[in-house]
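The values are calculated or read from the model by the stated rules, or taken from the named source; none is laboratory data. Because the structure is predicted, anything quoted here is derived from the model rather than measured. Cβ: placed from backbone, ideal geometry, glycine included. Neighbour counts: every protein chain shown. SASA here: full protein model, heavy atoms, side chains in, ligands and nucleic acids out. Shrake-Rupley method; radii C 1.70, N 1.55, O 1.52, S 1.80 Å.
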Amino acid sequence: MSTFSFRAASLSFVVSRSLRTMTLALACASAVLATGCASLAPPTPVTPPDGASVEHYRGRFAVRYEQNGEARNTYGNFDWQQSGENATVQLLDPLGQTQAIVRESPRTASLELPGKAPLTGPRLEDVMHDALGFALPVGGLRYWLRMQGAPGSHASIERDPQTQRPTHLKQDGWTIDYQAYFDGSPLRVKRIDLSRDLDGSPLAVRLVIDE
C-alpha cells in the first residue's frame, strides 16, 4: 500500500470513529435530557384504614412558571393516591420514570427526589418551590379534585346554571377552572386548570385525568 493510501485509510478510520463517538455522545445527552439523571422507585400503594376508601387519579400534567425571571415549562404524567387526609403524588417524566414523590398528611409532608434524602419543611409548597422551581397545591387539590373548597379558609364556587356542575372555584389565591367532566355518575372531573399570581410570579397548572 502506498503512503498516500495508508494515510487516507487512517484518516477515514479516525473520522469514522470520531463520528461514532459524537453520535453516541449526542444520543447519551438526549437520553439524559429526556429522563433526568436518575429516577425513584414508585411508591407503594396506599393501604387505607379499615372502612376507608382510596381515591386514585392517573393522568398528565403541564406547568408554566417563572424562575429567576425566565418563563419555564414542564410536563409529564402523575399518579395520585388519596385516602382520607393522606395523599401521595408521584410525578413522572414523559418516559414514565419517577422524578418526584410528594407525601402529605395533616401532620407531616415530604418531597422525595432522586439521589436525595426526603425533604421536609413546615410548608410543603415552600419545599417544592425551592427544589423544583414550582409547587403544586397538594393540600388544596385534595379537595378541589372533589369539586369542593378546602376547610380552613373561604372558598367561592360558581356553577353552571343548567347542570349545576362547578365551573370555577377560588380559594387561597388560586383560581380553579373545571374544564371537562367524565360522562356518567358519580360526577368526576376530567380536566382542571389552576392559576395563581403570587408576588408577581405567575404559575399555571393543567391536570388531565385519564382514569
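Does Asp126 count as surrounded by fewer than 16 Cβ atoms within 10 Å (Cβ to Cβ), of a type outside the set (S, T, N, Q) and within 17 Å of the chain's Cα centre (by Cα)? Taking the combined requirement at face value, the residue satisfies it.
Only a single criterion out of (1) open to solvent by 80 Å² or more (accessible area, probe 1.4 Å); (2) at pLDDT 90 or above is not satisfied by Leu145, namely (1). Pairs meeting the criteria (first residue in the range 163-177 and over 13 Å from Val189 (Cα atoms) and among the hydrophobic types (A, V, I, L, M, F, W, C), second residue in a loop (DSSP other than H, G, I, E, B) and modelled with pLDDT of 95 or more, beta carbons under 6 Å, at least 6 apart or on different chains) are lacking.
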